[in-house]
Amino acid sequence: MRAFKARMKYGHCTLFMNSSVRLRFAPSPTGFFHIGSARTALFNWLYARHTGGTFVLRIEDTDLARNTPEALHVLYAGMRWLGLDWDEGPEVGGPYGPYFQSERGDIYKDYLEILRKTGRVYDQDGAVYFKVSGEVQVITDLIRGRVERLEEKDFVIFRSDGTPVFHFVNVVDDIAMKITHVVRGEDHLSNTSKHQELFKAFGAPVPEFAHLPLILKTDGPGKMSKRDRGSLVEEYINRHFLPEAVVNYLCLLGWSPKENREILPIKTIVDLFELTAINKNNAHFDAQKLVFMNAEYTRALPLEDLVARVKPVLTEAGLLEGYADGYLKEVLAIAQEKMRGIEELPVNLKSFFSDDFEYDAAAKEKVFKKGDPKARLHELKGAFALLREFNEESLEIAVKALAEEHGVSTGEYIHPARLAVSGMGIGPSFYGLLRVIGRDRVLKRIDDFIQVM
Ligand code: GLU
């Protein structure tokens, strides 16, 4: 049923109807949702949706000190913001729960008993050791290809304080939850031989492995860490990025569609996504490219959708009081084509909603340098006051007529007037700006500006 729902939702044509493919994202809550973790979650989700399989969220919270409600909230909120819905896991349930490792103690004990019965463990100094097989482990990673490794030393699976070790719980849960594909960061590749030993010791099928390339800092060779700017999903939520832009960007960190297209709707990515197409080279996080993508997405949003997303942001900035939705829509209709993101709007659009705005210093300097802006503004005022209609067409005709009459370029009117009306040197189309601000406010602002010249 779930697989069928996933299929309907994304409208695939190439999918198995009742896929047994099961993937999991298995984060340890840290209080941060790192871009690298988000990419891991996303690639698991993409493949689950691509195959019509199941996406499980499992919380690896054996380190109870970090297991706080806030840490979990950051994770759930981040995943939901990105649209990574899970089919089984916390808050959703499912047949293989509980989905918190901290609640699975009895299951781990039962699994330990299996290894005791088959003679694969022994106790030493209070800890429980797993006896390695002595066989070379050949891992056929879907991304890295064939990797061979011999585990030479027996390793601890239960510490002397009775708590199970990561390798053990990770594998037990993958077996118990019937995980078919383990997709995780390359930093775990070195654990995989231990894990494969454990799968075999339990007589369980070894899942497919896919180890994702590292994400490196924007500049420099190091791995992105949570201290790097732009490395946390929270930051993009707070900066009002569009989640679909962030998701699209994250998809390209290690994966790309064959035709090298970059901006793709998620539905298309789900259709095209293959684990085997993931690049094994490390990916560089390019903050500027993400900003660029966010701008593209913002400018491409249907107007109604843009209004809905901008409204809470401008409301929070205290700008919308007394303004109807229709006015906001008119503002966005002219401002959208030059937008770089919603983040900048409380500042850039302030003059549409408030008379209390500053004049941009650099724009002011530029305007004062050229011609006689004061005279031009006086002429504009006169002409604007006489117009029968105050719209793009009539305004443009009036400005052109003035320019001709006084033998100057239209820019000598447009630049000081834009600054007077909006406080800025750049922005939406000039005539649209005047129309939306409206004649009374335009005339008043030109007057105010003349006072400070
Ligand atoms: N809890 C581990 C991590 O966050 C999971 C590793 C895995 O996906 O197998 O790195």
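Every read-out reported here was derived from the displayed coordinates using simple, explicitly stated rules and does not represent laboratory data. Just so we're clear, the structure is a prediction, and the values are computed from it rather than from any experiment. In this analysis, Cβ positions are derived from the backbone assuming ideal geometry, glycine residues included, and neighbour counts consider all displayed protein chains.
Dividing the alpha-carbon radius of gyration of segment 51-136 by 2.2 N^0.38 Å (N being the number of residues), what value is obtained? Please report the intermediate quantities before stating the final value.
Working: Rg = 17.3 Å, N = 86, 2.2 N^0.38 = 12.0 Å.
Its radius of gyration relative to the 2.2 N^0.38 Å reference: 1.45.
Once you reduce segment 70-92 and segment 19-52 to the center of their Cα atoms, the two points are 11 Å from each other. Take the Cα of Ala317, step 7 Å toward its Cβ, do the same at Thr218, and the gap between the two points is 2.1 nm.
Could you work out [θ]222 nm for the chain from helices alone, using -39500 (n - 2.57) per DSSP H run of at least four and dividing by all its residues? Round to the nearest 500 deg cm²/dmol. Walk me through the numbers before you get to the answer.
Numbers: 20 runs with 215 residues, N = 453.
Computed mean residue ellipticity for the chain: -14500 deg cm²/dmol.
Could you give the size of the charge dipole of segment 239-367 about its Cα centre, using +1 on the Cβ of each K and R and -1 on the Cβ of each D and E, expressed in debye and rounded to the nearest 20? Please list the in-between numbers first.
Values: 15 positive and 21 negative charges, 96 e Å.
Computed charge dipole of segment 239-367: roughly 460 debye.
Within the chain, DSSP assigns beta bridges of which about 55% are antiparallel (rounded to the nearest 5).
On the beta carbon distance between Leu386 and Lys226, with R0 = 56 Å, the FRET formula returns roughly 0.35.
Applying the Karplus relation 6.51 cos²θ - 1.76 cosθ + 1.60 with θ = phi - 60° to segment 289-298 yields 3J(HN,Hα) values of 5, 5, 4, 4, 5, 4, 5, 4, 5, 5 Hz, where x marks Gly and Pro. Taken about its Cα centre, the chain carries a charge dipole of about 640 debye when Lys and Arg each add +1 at the Cβ and Asp and Glu each add -1 at the Cβ.
Taking a straight line from the alpha carbon of Lys194, these aspartates and glutamates sit under 13 Å away, with near neighbours fewer than eight places off in the same chain left out: Glu135, Glu148, Glu151, Glu152, Asp154.
Which entries in the list Lys109/Lys226; Lys311/Lys350; Lys131/Lys280 go over 24 Å, if you measure between the two C-alpha atoms of each? Don't jump to the answer; show the numbers that get you there.
Details: Lys109/Lys226 35 Å; Lys311/Lys350 13 Å; Lys131/Lys280 32 Å.
Table pairs above 24 Å Cα-Cα are Lys109/Lys226; Lys131/Lys280.
Packing order of peptides 386-396, 435-445, highest average first: 435-445, 386-396 (average count of other Cβ atoms within 10 Å over each peptide's residues).
Distance between the C-alpha centers of segment 351-393 and segment 126-201? Whole Å please. Using only Cα atoms to place each centre, the spacing works out to 70 Å.
Based on the mean of other beta carbon atoms within 10 Å per residue, what is the order of 42-55, 116-129, 182-195, 225-238, most packed first?
Values: 42-55: 25.0, 116-129: 13.3, 182-195: 18.8, 225-238: 15.9.
With the highest mean Cβ count within 10 Å placed first, the list reads 42-55, 182-195, 225-238, 116-129.
Look at the dipole of segment 296-428 built from charges on Cβ: of Thr315, Ala398, Leu303, the Cα furthest out on the positive end belongs to Ala398.
The His188 and Ile263 beta-carbon pair, evaluated with R₀ = 30 Å, returns a calculated FRET efficiency of approximately 0.45.
Near Leu216, the amide H atoms lying under 5 Å from its own belong to Met224, Ala283, His284, Phe285; only residues 5 or more places off or on other chains count, and H is placed 1.01 Å from N.
Using +1 on the beta carbon of Lys and Arg, -1 on that of Asp and Glu, and nothing else charged, what's the dipole of segment 340-453 about the Cα centre, debye to 20?
Dipole of segment 340-453, to the nearest 20 debye: 120 debye.
Only one residue of Leu264, Gly222, Ala333 has its Cα farthest out toward the positive end of the dipole of the chain, where Lys and Arg carry +1 and Asp and Glu -1 on Cβ, and that residue is Leu264.
Counting Lys +1, Arg +1, Asp -1, Glu -1, what net charge surrounds Ala127 among other residues with beta carbon under 12 Å of its beta carbon? Walk me through the numbers on the way to the answer.
Numbers: positive: Arg159; negative: Asp123, Asp125, Asp154, Asp161.
Within the 12 Å Cβ shell, the charges total -3.
Only one residue of Gly254, His34, Ile59 has its Cα farthest out toward the positive end of the dipole of the chain, where Lys and Arg carry +1 and Asp and Glu -1 on Cβ, and that residue is Gly254.
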